[in-house]
Amino acid sequence: MSHVSAQRPSLDMYGCLRVKPLKEGQALGIFGRKRTVVAAVGLAALATASVANAAVMQQRPSASYQANGTVRSIIIVGNTAYLGGQFTAMIPSGGGTSVTRNHLAAVDMTTGGLLPWNPNANGTVYALLASGGNVYVGGSFTSIGGAPHKNVAEVDGSAGAPVPSFANTLRPNKAVRALALSPAGNLYVGGAFTSPRRFALEATSGGTLIPAFAPVITNTLGTSPEVRAIAVNPSGTRVILGGFFNMLNSGAPGDPNATNLGIGAVDPTTGASLPWAWHTSDLQTFRPFQLLAFSQVGSTLYGAGTGNGGSGISWNMETGTLNYIEGFNGNVVGIGVADGELYLGGHYSEYCGPIPGSNFVCAGLPGSAARDKLTAVDAATGQILASWHPAVNTTLGIEALATGTNTLAIGGEFTRVAGVSQQHFARFTE
């Protein structure tokens, strides 16, 4: 894909906060039990087939509280699903008395019951991240629990109260859309913000600036540059950025990511570019490609993306080598692994096969299959699970997806899932 010659000004929109390290044994990027992922096969070996000997979710969602507005972010920690979005209340499954929950709520993934966690944000929440019993919250808001916290905050994972040591200084001037934590305890923050250019916060002292981390993303393809997804490899030596950009660190001479569209790797301390083998220009799409969400199991990184249709992708995050790609006729916006199955949610109505997505030619292609916003494939090989395809209604359907131990949660604009009336949030169990 050719690049437009006239460039917008580069924006250094990516921040770094230093916070409490993860507890020993806690996984990064996906909040379920860790699993070993078998090396994926090449694209030529992929075929549409059911995958045997793997536990999968039930076809219909289990009863749970639902939301009165769009859910845009979900994480699962143990048996708790934390939800963020545009809702202001939670409603019992099947209807009943609503309970006020402004933009943040928690649901018991075993019972479907509403938990007392109630941080009370005054604006939309787009990103959530758990660490050490607390939850980091990113979005477009100015207060949490009535206290000033602009666009990013830390709250107690049980009571929901803001953590005072996470001081309200040097906050992004626009919405936070992505959060990731390194083994060293650095919190990486992404979005479309332009100020502050880079920042850090010591959990113990409340505000030590880290000026060295300064990656720059540039987009010449018609939209503002923005980071939508962040992941850190298990050793903490590589940070992967995904989003709306076609150059990373301005394509400086010798930059290994100069032609990357939507994804690239950087140094965790300086933000300087690191090699990333797969370039989205390999898709040969005439439309901009963006990564919207990451999930990881060990050193295997899974990405949900857009472009000419949508794609779910698996890489070795230590090298950026492609394992496989799955195509759809609409955006893939959420992705996660549970018991060896990779679940993909989005805005699509058709699975195109083990190829890049296309919203022009998809149905009828070899290996294609009707899929209404929700799909499962084998996480190691990309083979589609033919027997699992619950339908999700509305045009856009799913906006968020998370997996846990034997559980799956989805959020979005939907009001029905697999024929069951369930608004904006649903949970599945095996």
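The values are calculated or read from the model by the stated rules, or taken from the named source; none is laboratory data. These numbers come from a predicted model, not from an experiment. Here the Cβ is made from the backbone with ideal geometry for all residues, glycine too, and neighbour counts use every protein chain on show.
All conditions but one from (1) surrounded by fewer than 24 Cβ atoms within 10 Å (Cβ to Cβ); (2) part of a loop (DSSP other than H, G, I, E, B); (3) in contact (Cβ under 8 Å) with a residue 40 or more places away in the chain apply to Gly357; the one that does not is (1).
In the set (1) in a strand (DSSP E or B); (2) closer than 24 Å to Leu301 by Cα, the condition left unmet by Ala426 is number (2).
Anything in the range 120-152 that is among the polar types (S, T, N, Q), in contact (Cβ under 8 Å) with a residue 24 or more places away in the chain and either closer than 20 Å to Gly69 by Cα or crowded, with 23+ Cβ neighbours inside 10 Å (or both)? List them, or say none. Steps first, please.
Filtering the range 120-152 down to residues among the polar types (S, T, N, Q) leaves 120, 122, 124, 131, 134, 140, 142-143, 151.
Filter once more, so that each one left must be in contact (Cβ under 8 Å) with a residue 24 or more places away in the chain: 120, 124, 131, 134, 140, 151.
Asn120, Thr124, Ser140, Asn151, listed by residue number.
Among the residues of the range 153-173, those identified as surrounded by 16 or more Cβ atoms within 10 Å (Cβ to Cβ) and not small (Gly, Ala, Ser) are Glu154, Val155, Pro162, Val163, Phe166, Asn168, Leu170, Arg171, Pro172. When the range 159-187 is filtered for residues that are part of a loop (DSSP other than H, G, I, E, B), at pLDDT 90 or above and touching a Pro at 6+ places or on another chain (Cβ under 9 Å), the ones remaining, listed by number, are Ala159, Gly160, Ala161. crowded, with 20+ Cβ neighbours inside 10 Å, of a type in the set (Ser, Thr, Tyr) and in contact with a Leu (Cβ under 6 Å, 6 or more places away or on another chain): is that true of Thr375 in this structure? The answer is yes for Thr375. Restricting attention to the range 138-161, the residues that are farther than 12 Å from Pro119 by Cα and of a type in the set (A, V, I, L, M) add up to 1. For the range 381-394, check the following and say yes or no: at least one residue is of a type in the set (Phe, Trp, Tyr) and either part of a strand (DSSP E or B) or closer than 25 Å to Gln296 by Cβ (or both). So far as the range 381-394 goes, yes, one or more of its residues are of a type in the set (Phe, Trp, Tyr) and either part of a strand (DSSP E or B) or closer than 25 Å to Gln296 by Cβ (or both). Annotation: of all residues in the range 188-207 being at pLDDT 65 or above and among the aromatic types (Phe, Trp, Tyr), the one that is farthest from Ala293 (Cα to Cα) is Phe193. Select from the range 43-66 the residues that are modelled with pLDDT under 95 and not in a loop (DSSP other than H, G, I, E, B) and write down the one among them that is surrounded by the most Cβ atoms within 10 Å (Cβ to Cβ). Residue satisfying both the conditions and the ranking: Leu43. The residues on offer are Gly419, Gly397, and the sole one that is on the phi > 0 side of the Ramachandran plot, surrounded by fewer than 23 Cβ atoms within 10 Å (Cβ to Cβ) and touching a residue at least 12 places away in the same chain (Cβ under 8 Å) is Gly419. All conditions but one from (1) within 16 Å of the chain's Cα centre (by Cα); (2) over 29 Å from Val232 (Cα atoms); (3) among the aliphatic types (A, V, I, L, M) apply to Ala363; the one that does not is (1).
Picking from Gly95, Gly112, which residue would you name as being free of Cβ contacts under 8 Å to residues at least 12 places away in the same chain and either in a loop (DSSP other than H, G, I, E, B) or within 18 Å of the chain's Cα centre (by Cα) (or both)?
Matching residue, one of Gly95, Gly112: Gly95.
Count of the range 208-229 residues, restricted to those that are within 16 Å of Ser250 (Cα to Cα) and modelled with pLDDT of 80 or more, is 11.
With respect to the conditions (1) surrounded by 24 or more Cβ atoms within 10 Å (Cβ to Cβ); (2) under 21 Å from Tyr82 (Cβ atoms), Thr407 falls short on a single one, namely (1).
Of the listed requirements (1) buried (at least 19 other Cβ atoms within 10 Å of the Cβ); (2) modelled with pLDDT of 95 or more; (3) more than 17 Å from Gly112 (Cα to Cα), Gly69 misses just one: (1). Checking each residue in the range 378-394 for being among the small types (Gly, Ala, Ser), surrounded by fewer than 20 Cβ atoms within 10 Å (Cβ to Cβ) and within 23 Å of Tyr324 (Cα to Cα) picks out Ala386, Ser387. Considering only residues in the range 263-317 that are modelled with pLDDT of 95 or more and in a loop (DSSP other than H, G, I, E, B), the one that is surrounded by the fewest Cβ atoms within 10 Å (Cβ to Cβ) turns out to be Ser299.
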